[in-house]
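Structure first, commentary second.
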Amino acid sequence: MRRATCLLAALAVAALLAGCSAVRLAYDNADSYLRWRAGAYLDVHGDAADELDERIDAFLDWHRVKALPQYARLSDEAARRLDDGLSHEDAVWGYDALQAQARESLRAAAERIAPMLDRLSAEQVGYLERRLAEDNRKFARENLKGSEAERRQRRAKRLQERLEEWVGRLTQAQVERIRLYAQRAPLTDEHRERDRKRLQAEVLAMVRRHEAAKRMPDLLARWQQGRDPAFVVLNEAWRKEFYTLLVDLDSSLTPAQRARAVAHFRRYAEDFAILAGRAGAEIRQ
């Protein structure tokens, strides 16, 4: 269920980059998208499929009322901090805020979906396991392919493309700073691969023991617990390099670049506030 929640967030972020009102359009269709994605992992039909739809609706109802107001406030605060100029503390605040929101949403999703997982048959659990294995192969193709130098070049290119979506075309000096980060920050992909397999194994084990409703909310809300200590150390080193990169890039932003990024966050805040207000109005009716 962590994947379903992350897919919802990714959908909203991707839509935001496409235009001012795109978040609302994407979110209005999130139920259909999540049902389509859930169907790729859960082989359910008839009454069970109807129940899955109801449980997805229940999660989205919670998300509109509880999570969206938080997203609006965080986006507005991010715009203010970025407009003032980012500090290291601001970068840490952003990471911690996203982590806190992810934990809350993952717990809420698991509380609503996990009871259904306890009733999956052995064949259905096998189907879920095969789909997760396919995901792992896709992860390996996208993240572990090539030499270390090639992977670092990919990292730099991806980050440059994402940042240019937010601030516009980067200067040569900014591109060079990203390249330096890509060379200096540790690669964590092998550890990420092992950690995702660890978490998947825990989920599958509790589903097979019919303990998902009891244990999955805590597991997904605390997905970082149980990590290999080497991964924890490496991830901390990566975060420090990334925070430094963000602060350095912020100091080099042109007025136009900063204004564009701040405008993105403010539109983000506006759209989430509109969606949250719409949810509140529906509840009062």
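The values are calculated or read from the model by the stated rules, or taken from the named source; none is laboratory data. Predicted model only: the values in this text are computed from it and were never measured. Cβ sites come from the backbone with ideal geometry, for glycine too, and all protein chains shown count toward neighbours. Protein only, heavy atoms only, side chains kept; ligands, DNA and RNA dropped before computing areas. Shrake-Rupley method; radii C 1.70, N 1.55, O 1.52, S 1.80 Å.
A few remarks follow.
- Close pairs from the stretch 225-249: first β-branched (Val, Ile, Thr), partner assigned to a helix (DSSP H, G or I) and open to solvent by 50 Å² or more (accessible area, probe 1.4 Å), Cβ under 8 Å, at least 6 apart: THR244/HIS88; VAL247/HIS88
- Identity of the residue in the stretch 177-230, of a type in the set (S, T, N, Q) and surrounded by 15 or more Cβ atoms within 10 Å (Cβ to Cβ), that ends up farthest from GLU161 (Cα to Cα): GLN200
- Any hit, the stretch 54-70, residues being free of Cβ contacts under 8 Å to residues at least 24 places away in the same chain and open to solvent by 30 Å² or more (accessible area, probe 1.4 Å): yes
- Considering the stretch 10-121, the qualifying helices (runs of 4 or more DSSP H), each wholly inside and each with 3 or more residues that are at pLDDT 90 or above, run over 47-62, 68-84, 88-117.
- For the stretch 186-203, the criterion of being at pLDDT below 95, touching a helix residue (DSSP H, G or I) at 6+ places or on another chain (Cβ under 9 Å) and farther than 27 Å from ALA237 by Cα is met by at least one residue.
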